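The values are calculated or read from the model by the stated rules, or taken from the named source; none is laboratory data. These numbers were taken from a predicted model, which means no experiment stands behind them. As a convention, Cβ positions derive from the backbone with ideal geometry for all residues, glycine included, and neighbour counts pool all protein chains shown.
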Amino acid sequence: MNDRIYNKGADRLRSDDRLKRLEIDKVISLCLKDRNIKTLLDIGTGSGLFAEAFSKLGIAISGIDINKEMIEAAKSYIPEGQFLIAPAEEIPFNDESFDSSFLGLVFHEVNDYKKSLSEAYRVTNSFTFILEWQHKQEDFGPPIEHRLKPEFIENMAFSVGYKNVNIFSLSTLVLYILEK
């Protein structure tokens, strides 16, 4: 079993303590600022926390996750969304099906970084947003050996074809905005 994959239950993803750390409103605002986004694929959607926030702003949401429990949870929060069980490395949608894709605290968990990001690039026609933990040891989140350095994510983005990468440091997270 992959020890990087979160498997502690959907309800823990929505704990008050965790919600404060995620700065959801700020993340959503940075993602949407000056961008015309009508469709979004939430890769590794988990309980649909970010998908729900995007959906409330009128964005059509689809999501994938490898965990059936998470897909069921996401469907309960966003019944109008389309959610499928699938890994980030094999996204079951056609090329350029979405204006944007979002990987919220999941990129560090994938089995193949390049394949996952190549798939996000393939199904997206404009932007991919990656939200990750800062690369430092903390009392919450994954251990340091599972956290990704900003230069790694930036280099990976350019290697799969993204033309521009903007990096925003938040309180405990980092948001990467990748543009095709």
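Values for this structure:
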read-out: The stretch 152-177, residues that are surrounded by fewer than 15 Cβ atoms within 10 Å (Cβ to Cβ), without any contact (Cβ under 8 Å) to a residue 60 or more places away in the chain and in a loop (DSSP other than H, G, I, E, B); value: Gly161, Lys163
read-out: Tally, over the stretch 51-96, of residues that are in a helix (DSSP H, G or I), touching a helix residue (DSSP H, G or I) at 6+ places or on another chain (Cβ under 7 Å) and either at pLDDT 95 or above or not charged (D, E, K, R) (or both); value: 8
read-out: Verdict on His135 being within 14 Å of the chain's Cα centre (by Cα) and surrounded by 13 or more Cβ atoms within 10 Å (Cβ to Cβ); value: no
read-out: Residue within the stretch 114-124 that is surrounded by fewer than 16 Cβ atoms within 10 Å (Cβ to Cβ) and closer than 24 Å to Asp25 by Cα present; value: no
read-out: Matching residues, the stretch 136-151, being touching a residue at least 24 places away in the same chain (Cβ under 8 Å) and in contact with a helix residue (DSSP H, G or I) (Cβ under 9 Å, 6 or more places away or on another chain); value: Glu138, Phe140, Gly141, Pro142, His146, Arg147, Leu148
read-out: Pair list, Cβ < 6 Å and 6+ apart or interchain, from the stretch 107-118 residues that are under 15 Å from Ile64 (Cβ atoms) to residues that are in a loop (DSSP other than H, G, I, E, B) and at pLDDT below 95; value: Glu109/Arg4; Glu109/Ile5
read-out: Residue in the stretch 138-151 that is farthest from the chain's Cα centre (by Cα), counting only those that are assigned to a loop (DSSP other than H, G, I, E, B) and among the hydrophobic types (A, V, I, L, M, F, W, C); value: Phe140
read-out: Residue count, the stretch 75-104 (criterion: under 22 Å from Pro142 (Cα atoms) and buried (at least 22 other Cβ atoms within 10 Å of the Cβ)); value: 4
read-out: Among residues of the stretch 20-39, those that are touching a Gly at 6+ places or on another chain (Cβ under 9 Å), modelled with pLDDT of 95 or more and surrounded by 18 or more Cβ atoms within 10 Å (Cβ to Cβ), counted; value: 1
